[in-house]
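Throughout, read-outs are computed from the coordinates displayed, never taken from laboratory work. Just so it is clear, the model here is predicted, and its values are computed rather than measured. Note: ideal-geometry Cβ built from the backbone for every residue, glycine included; neighbour counts use all protein chains shown.
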Amino acid sequence: MRIFISIKLPPKILIKVKEIQDSLPEFSGKKTEIKNLHLTLKFLGEISQEKLEEVRAKLREVDFPKFEVELKELGFFDNPNNGIIWINLSNCENIQKEIDNILEDLFDKERRFMGHITIARVKDFRNNKNLLDILKKINVPNLFFIVDKFYLVESKLNKDGPEYNVIEEYNLK
């Protein structure tokens, strides 16, 4: 099973993210479907059913308060050919560290974590050179919401894209 731990976005935030996606210039690639928008706190990869049960039990031990996050800025991760357009989601570092610590005997800790939502994947970046300049001009309104739970999710890769199924949800205090 291909597994990750995530934060979902509330409907009012999803509407605003869709507006930002709609303001993107044309590019070769694909926008993330609204139903698939999330912040990944930790990607666990392919794991067995036995390990999944260990993860579920450990995540039930997470003792963390509700917290506020902010969508702040648009950015771009790139490599020579492809890239990811993202929106920064601030204030997720502490919950991510808590989850890393709870799972440290099962998985390596994250080396680099930057809270972000992938809103689009760009193919053949060489043909989209002016895209970065245009992205810098797109305004992301400061949007806030309270995170009161996180999710353990299975990702199934299909020819039409990923399908995400929640395995378990965990409430924050």
**Study point:** At R0 = 25 Å, FRET efficiency that the Cβ-Cβ distance of Asn139 and Leu172 yields, to 0.05
**Key:** 0.25
Check your understanding: At what distance in nm do the modelled label points of Lys18 and Ile146 sit from each other, each positioned 7 Å from its Cα along Cα→Cβ?
Key -> 2.5 nm
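Mean residue ellipticity at 222 nm from the helices of the chain, using -39,500 (n - 2.57) per DSSP H segment of n ≥ 4 over the full residue count, to the nearest 500 deg cm²/dmol? Walk me through the intermediate numbers first.
Details: 4 runs with 39 residues, N = 173.
Using -39500 (n - 2.57) per qualifying helix, the result is -6500 deg cm²/dmol.
Regarding the chain, what's the average projected area of the Cα-atom convex hull, expressed in nm²? Could you put the intermediate results ahead of the total?
Working: hull surface 40.6 nm².
Directional mean of the projected Cα hull area for the chain stands at 10.2 nm².
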**Study point:** Vicinal HN-Hα couplings computed from phi for the range 164-173 (Karplus, 6.51 cos²θ - 1.76 cosθ + 1.60; Hz; Gly/Pro x)
**Key:** 10, 10, 6, 8, 7, 10, 10, 7, 8, 7
Review point. About its Cα centre, what dipole magnitude does the range 2-171 give when the only charges are +1 on Lys and Arg Cβ and -1 on Asp and Glu Cβ, stated in debye to the nearest 20?
Key: 700 debye
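Starting from the range 47-97, pick out the trypsin sites (Lys or Arg not before Pro) whose DSSP state is loop and whose Cβ has at most 14 other Cβ atoms within 10 Å. Mind showing how you got there, number by number?
Working: sites: Lys51, Arg56, Lys58, Arg60, Lys66, Lys72, Lys97; in loops: Arg60, Lys66.
Of the trypsin sites (Lys or Arg not before Pro), the ones in loops of the range 47-97 whose Cβ has at most 14 other Cβ atoms within 10 Å are Arg60, Lys66.
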Exercise for review: Distance between Cα centroids, the range 130-166 to the range 8-34: provide it in whole Å.
Suggested key: 8 Å
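Can you sort Asp100, Asp160, Asp148 so the residue with the fewest Cβ neighbours within 10 Å comes first?
Arranged by neighbour count, lowest to highest, Asp100, Asp160, Asp148 become Asp160, Asp148, Asp100.
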Point to revise | With 10 Å bins from 0: P(r) over the range 107-173, alpha-carbon pairs, percent | key: 12, 28, 37, 21, 2
Review point. Can you list the HN-Hα couplings for the range 62-74, worked out from phi with the Karplus curve (6.51, -1.76, 1.60; θ = phi - 60°), rounded to whole Hz and with x for Gly and Pro?
Key: 4, 10, 9, x, 4, 8, 9, 10, 10, 8, 10, 9, 8
Check your understanding: Per-residue HN-Hα couplings for the range 4-9, Karplus 6.51 cos²θ - 1.76 cosθ + 1.60 at θ = phi - 60°, whole Hz, x for Gly and Pro?
Key -> 8, 10, 9, 10, 8, 9
